[in-house]
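Remarks on the structure that follows.
The values are calculated or read from the model by the stated rules, or taken from the named source; none is laboratory data. On a predicted model such as this, the values are computed, not experimentally measured, just so you know. Note that each Cβ is placed from the backbone with ideal geometry, even for glycine, and that neighbours are counted across all protein chains shown.
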């Protein structure tokens, strides 16, 4: 591992190393030391040079380098590469829309009312709607959808696009019922596929049973197939069963999902997981009872 460049980034001192041993892809190591009142906090991140040159440091997507831009420029220069497009900052108006969207509140309305594009792309291919969906407040996401932002947009979650998702998947994953209803009302495809062949109905979080029934009913009502199989054959009811979401399992069964794959998946998972998750036995029993009531044996 050879030192490549050192620079200051805010309160952190950053040292970048490159490892290009024969027979392996060249890798960058970013080592940052933050002085926290005399206590040094060290963080380290490694990624292939090709990934860094494609879209910078992750996680992806991101919309603004901020104080990291100068350091990134120094790394690119030290690598002897031409500055990639992602080093070019967003236009000020677009940047302001991204910032307001990330906060989630209704202040995006001022920008949309004056005619700003509701769907600009960040350097990673994300849009303001992606960040609004991930915010804790729902207003920005709904306003962006109503202004025409594409909830079905494919978003890369790796530097070179090997793994993708869509904003609609993220709405379901995070339990954003209001934003999902708004997107479906505007006619977005309820069953886009991510890089694993999964639909949004496969993206049920293990803490989402309070909104899971509403999510799957909304998707099914818009035409999503409740028994759609991902690339590996997994169905939404299998995901819901393994996540121990009895309310969501019941809703899927009511909508016509075959309960048997759900029971089979849960039993197989529990056979291995019970050693470490015995405290969830009551949840397992409750979910099995729902599947039995739906006709699984």
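Summary table below
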item: Residue in segment 224-237 that is at pLDDT 95 or above, in a helix (DSSP H, G or I), surrounded by 21 or more Cβ atoms within 10 Å (Cβ to Cβ) and assigned by the TED database to the domain that holds residue 168 present; result: yes
item: Qualifying residue in segment 102-124 (condition: in a loop (DSSP other than H, G, I, E, B) and at pLDDT below 95); result: yes
item: Failed item in (1) within 12 Å of the chain's Cα centre (by Cα); (2) within 19 Å of residue 240 (Cβ to Cβ), with residue 157 passing the rest; result: (2)
item: Selection count where residues are surrounded by fewer than 16 Cβ atoms within 10 Å (Cβ to Cβ) and over 25 Å from residue 161 (Cα atoms), scope segment 79-102; result: 2
item: Condition met for residue 168 (assigned to a loop (DSSP other than H, G, I, E, B) and within 13 Å of the chain's Cα centre (by Cα)); result: no
item: Enumeration of residues in segment 197-223 that are surrounded by fewer than 19 Cβ atoms within 10 Å (Cβ to Cβ) and either on the phi > 0 side of the Ramachandran plot or in contact with a strand residue (DSSP E or B) (Cβ under 9 Å, 6 or more places away or on another chain) (or both); result: 197, 223
item: Any hit, segment 6-18, residues being outside any strand (DSSP E or B), without any contact (Cβ under 8 Å) to a residue 40 or more places away in the chain, touching a helix residue (DSSP H, G or I) at 6+ places or on another chain (Cβ under 6 Å) and surrounded by fewer than 18 Cβ atoms within 10 Å (Cβ to Cβ); result: no
item: Pick from segment 29-73, criterion in a helix (DSSP H, G or I) and in contact (Cβ under 8 Å) with a residue 60 or more places away in the chain, ranking: surrounded by the most Cβ atoms within 10 Å (Cβ to Cβ); result: 52
item: Exclusive hit being over 26 Å from residue 244 (Cβ atoms) and in a helix (DSSP H, G or I), set 179, 183; result: 183
item: Some residue of segment 193-208 being in contact with a helix residue (DSSP H, G or I) (Cβ under 6 Å, 6 or more places away or on another chain), assigned by the TED database to the domain that holds residue 243 and closer than 30 Å to residue 91 by Cβ; result: yes
item: Where a residue in segment 102-119 is over 14 Å from residue 130 (Cβ atoms) and its partner, wherever it lies, is surrounded by fewer than 17 Cβ atoms within 10 Å (Cβ to Cβ), with Cβ under 6 Å and at least six apart; result: 105/137; 116/93
item: Failed criterion for residue 78 (all others in (1) more than 27 Å from residue 131 (Cβ to Cβ); (2) out of contact with any helix residue (DSSP H, G or I) (no Cβ under 7 Å at 6 or more places or on another chain); (3) free of Cβ contacts under 8 Å to residues at least 60 places away in the same chain hold); result: (3)
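Every residue, every condition in (1) in contact with a helix residue (DSSP H, G or I) (Cβ under 8 Å, 6 or more places away or on another chain); (2) buried (at least 24 other Cβ atoms within 10 Å of the Cβ); (3) in the same structural domain as residue 121 (by the TED database); (4) touching a residue at least 60 places away in the same chain (Cβ under 8 Å), yes or no:
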{"residue": "137", "(1), (2), (3), (4)": "yes, no, yes, no"}
{"residue": "146", "(1), (2), (3), (4)": "yes, no, yes, no"}
{"residue": "155", "(1), (2), (3), (4)": "yes, no, no, yes"}
{"residue": "161", "(1), (2), (3), (4)": "no, no, no, no"}
{"residue": "164", "(1), (2), (3), (4)": "no, no, no, no"}
{"residue": "168", "(1), (2), (3), (4)": "yes, yes, no, no"}
{"residue": "171", "(1), (2), (3), (4)": "yes, yes, no, no"}
